[in-house]
Structure formats: structure tokens, C-alpha cells
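Inspection log for the structure reproduced underneath, given as C-alpha cells.
Computed from the coordinates by the stated procedures, all read-outs in this text should not be read as laboratory data. The structure presented is a predicted model; accordingly, all values stated were derived computationally and were not measured. Cβ placement follows ideal geometry from the backbone for every residue including glycine, while neighbour counts extend to all protein chains displayed.
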Amino acid sequence: MQLGNIQVRVISDGSYLLDGGLVFGQVPKVVWEKDAKPDRKNRVRLGLNCLLIQTPERNILIDTGVGARHPERNKELYGLSSSKLLRNLRANGLTVRDIDTVVLTCLHFEHAGGITRLDRQGNVIPTFPNATVMVQRSAFERLQAPNERTIVSTGYTAKEDFELIEGIDKLLLLDGDTEIAPGIRTVVTDGPADGHQSVMIDLGSEKIAYLSDLVPTPSHVNLPYITAYDRRPDATLEQKRRFLDRIEREGWLMVFSHGYSHVAAYLERRRDQLTLRPVPTV
């Protein structure tokens, strides 16, 4: 989507499988399976949707997908195949060296796993060597002191990866809401995880909201739909209520970080009920 002199594209890293109970939390299976059919292991397919924002001066990537460095157990558990992010960046005319800014909305493995990769000799290297990596300080601090619960939600994500980024002076820790470029802001929405942040692109008449795990799929527009691994579900509920009201009222386009059948949609009110109007591409 062209917004003035800014180009915004969804860049897919493919998809993965996650237990439906984790995805939909306290919502009963007989309700959620009407929208998301589980496989025989009770897993539903989710998209891995990153966002590429190109300004006249910068190439900004929001999230990095799962990457390719996963134990065999995780490949089976999450139905992971080869990462598609770099291939899809190349299809849009960009190499890893063209990305100068990476914003990680959270440090769960499906958002931050692609921050490093293996070179031909098997060494771990930064995937985007020229990029400043922006992370909320509270997310980074939680990564330094994980517990048994946060390890489950972050997956493999190793703090050593971020020590590597920090070691080449490319890690920028944010303290709260931050303007990363004119009209492009990160906003702390920390119900899902410590330091979780959403990205809001507001260029006046055109607005795009990437709420990441606050509203990960179209189903999660329904207020009770909150994932089981949200750190503060009550905070998630109130943050969703506030953001969705603004999005509907001001006509924002929502991009779903884990939408599979539908990746982007407008939220509209019809006969006093909120409905989604999907758009095919952005």
C-alpha cells in the first residue's frame, strides 16, 4: 500500500502450527473451531506476517519471523518448514543489507527468531548486519531473566542472539512509546508480554495498525479472545478495547501478525455490530 511517499507491504515468513487452546485461551473449542479448524493434534495454522515500511530514506522491517535455527523437536511441535522471509524480501528487490531498521514487537520466537542466522561455516551471525534493532528495554530485561513460563512463550529465542546484536552496537533499547520515523510510532501494549509494542502508521488520511500479539488474528478482534500465554490478560483486554474503539472510529487498516486466511482488514460497525472487511493485500 502506498501512503504518500511511504510504501507498506506485508512480507510473509510462511506459517506455523500452534495448539488451539493456547491461541484462543478461555474461549471454548466448540466456539473457536468454527473459525479455525484444528488438526488431529489440536493445532491451528497461523500466519507469520512481518511488515516492511519503505520511506525515501529507510527500509524498516517490523518483526523477523521464526528464522531457521530451531531444534528438531520445535520443528515437529510447531510444524515449521523453511523460513520464507529472506526469499520474499528478495522478491521485493531487497537484500538483508538493505534493511537499516528492525523493530521487534516482542521477543517470542515467531517474532524475533529471524534476527540471526547461520553463515556457510555454521557460525551464528546477525541476519540484517546494517540494521539497528529496536526492542523495548523491559522486553530485553525479561529475556535476561527468564522463568519457566516465559521460556515456553519465547520458544528457542536465546539471549545470546541479542548479546551478539548488542556486541556490534546495533541494539537500541526503547523506553516507552517512540517515534521511529515521521508518522510511524511504536506504542507499548504490554498485556501480551513485557515490553510488547504495537506499530502505528498515521499519515493523516491513511492509517495502518500492526497490533502484533495484542490482536494476532481476525478472530481476536472479539474481546474475550486472548491467548493463554498473555502475561497480563486483564491488561490485554483493556488495551484491546481502547485500540479497537479508536481503529473503528478513525478508519485504520489492521494488519494481523498471525492472520492466515485474512492478513489485513478494516473494522466497521454495521447495525450496531462490529464486523471485519478484509482487504486482499497491502
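A few remarks follow.
- Pairs of Lys residues in the stretch 2-208, spaced 8 or more positions apart or belonging to different chains, with C-alpha separations under 26 angstrom: 12 in total.
- Whole-Hz couplings from phi, Karplus 6.51/-1.76/1.60, listed for the stretch 119-136; x for Gly and Pro: 7, 5, 8, x, 8, 7, 9, x, 5, 10, x, 9, 9, 7, 9, 9, 9, 5
- Highest-first packing order for the peptide set 168-180, 211-223, 64-76 is 211-223, 64-76, 168-180, based on the mean count of other beta carbon atoms within 10 Å.
- Protection proxy ranking, peptides 242-252, 33-43, average beta carbon neighbours within 10 Å, highest first: 242-252, 33-43
- Whole-Å distance, taken between Cα centres, linking the stretch 193-257 and the stretch 166-186: 20 Å
- Per-residue Karplus couplings for the stretch 271-277, computed as 6.51 cos²θ - 1.76 cosθ + 1.60 with θ equal to phi - 60°, are listed in order as 6, 6, 10, 7, 9, 9, 10 Hz, Gly and Pro entered as x.
- Each part reduced to its alpha carbon centroid, the stretch 61-122 and the stretch 1-47 end up 18 Å apart.
- Per-selection Rg to Rh, the chain - Cα, Kirkwood hydrodynamic radius: 0.94
- Within the chain, helix-based [θ] at 222 nm, where runs of 4 or more DSSP H residues each add -39,500 (n - 2.57), nearest 500: -6500 deg cm²/dmol
- Relative contact order of the chain, defined on C-alpha pairs under 8 angstrom at six or more residues apart (%): 17 percent
- Highest-first packing order for the peptide set 10-21, 97-108 is 97-108, 10-21, based on the mean count of other beta carbon atoms within 10 Å.
- Exposure proxy ranking, count of Cβ atoms within 10 Å, fewest first, for M254, M200: M200, M254
- Here the stretch 2-208 is treated with +1 on each Lys and Arg Cβ and -1 on each Asp and Glu Cβ, and its dipole about the Cα centre works out to around 900 debye.
- Look at the dipole of the chain built from charges on Cβ: of G204, G259, W32, the Cα furthest out on the positive end belongs to W32.
- Amide H contacts under 5 Å for V103: L61, I62, D63, M134, restricted to partners 5 or more places along the chain or on a different chain, H placed in the peptide plane at 1.01 Å from N.
- Shape category assigned to the stretch 97-238 from the gyration tensor of Cα positions, a/c cut at 1.5: oblate
- The stretch 171-183 - phi-based ³J(HN,Hα) in whole Hz, Karplus 6.51/-1.76/1.60, Gly and Pro as x: 9, 10, 8, 9, 10, x, 4, 9, 7, 9, 6, x, x
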